[in-house]
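Here's the structure we're looking at; comments come further down.
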Amino acid sequence: MKIIVTGSLGHISRPLVEKLTAAQQQVIVISSHSERKAEIEALGATVAIGSVSDLAFLTETFKGADAVYTMVPPTFSASDWKAYIAGVGAIYAQAIAAAGVKNVVNLSSMGAHMPEGCGPVSGLYFVEQALNALEGVNVKHLRPGFFYYNFMANIGMIKNMGIIGGNYGENARLVIANPSDIADAAAEELLSLSFSGKSIRYVASDEKTTDEIAGILGHAIGKPDLKWVNFSDADTLGGMLQSGAPTNVAENYAEMGAAMRSGEMAKEYLASGPVAFGKTPFEAFAPVFAAAYSQS
């Protein structure tokens, strides 16, 4: 099969490409960085250099594909993050229709049922809606939990303040996902193409309370007394702004944290019934976190 992968060689796209090429598929990776060409080709894939905001480029690249894996590349430079995410989703939908693609696996997120109030995830609501409006196209939306590597953003807080925290609620239980497990799910869907119509698959690697997360990461970095501190939304926003985050980004992250705290973000995940965890428990991420902590 001919499969298009967006996201260049990111946390999910790289292991996904490796799995697809190992399965002897024809893989084309879209990247906006020409310097990644050799690295992508070394994985057995070919590369298409261009922007996911370029409709003509996407349409031409998508032609003849049996399936496309779509994701919206992260950016901190957009003046309106939600609008940027929704806009890329609309371009994807137009290109898919124009190119005649019939199968799409789309990286979304837990909480994408919320058109507002969930930070950047509310932008993914509109991506899902744009793809769901395509006639004659099978779409599987992957909705993973909170990424393990998002905790890397807390390294500075741990080093400077001796604590880890967020506005997710007092000892909140988080649904979390490792990128390799998300790649496993995407590869399974792309290789089988057993889905039809429009459907959702939740992806989780583990569930841990914030106190458990602090304990696991604290032991890994030699700080067994590390405590999770629950912040207010205002303190979360202020802390991110003080650390140099753009205002729109900080506002969106604080909003997403509030949705996690209220339980609304996980509402549909919990209602969907038990989800089999991936192969990577959170404890397996701790050494990766510790290595990044020691190098920072």
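Coordinate-derived values only; no laboratory data. Remember, predicted model here, so these are calculated numbers, not experimental data. No Cβ is skipped: glycine too gets one built from the backbone with ideal geometry, and neighbour counts run over all protein chains shown.
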*Between the alpha-carbon centers of the stretch 212-274 and the stretch 53-99, tell me the distance in whole angstrom.*
28
*Counting other Cβ atoms within 10 Å, keep those with at most 15, restrict to DSSP loop, and tell me which trypsin sites (Lys or Arg not before Pro) in the stretch 1-84 are left.*
Lys63
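Sorting Met71, Met1 on the 10 Å Cβ count, fewest up front, what's the list?
Met1, Met71
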*Do any GluC sites (Glu not before Pro) in the stretch 104-168 lie in a loop, going by DSSP, with at most 15 other beta-carbon atoms within 10 Å of their beta carbon, and if so which?*
Glu116, Glu135
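May I have the count of lysine pairs in the stretch 66-222 with C-alpha atoms under 27 Å apart, counting pairs 8 or more residues apart or located on different chains?
Number of lysine pairs found: 8.
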*Do any GluC sites (Glu not before Pro) in the stretch 158-193 lie in a loop, going by DSSP, with at most 16 other beta-carbon atoms within 10 Å of their beta carbon, and if so which?*
Glu170
*For the chain, what is the mean residue ellipticity at 222 nm derived from helices alone (per DSSP H run of n ≥ 4: -39500 (n - 2.57); sum divided by total residues; nearest 500 deg cm²/dmol)?*
-13500 deg cm²/dmol
*Ile30's amide H: which non-local residues (gap 5+, or another chain) put their own amide H closer than 5 Å, with H modeled 1.01 Å from N in plane and none for Pro or chain starts?*
Val5, Thr6, Gly7, Ser8, Ala48
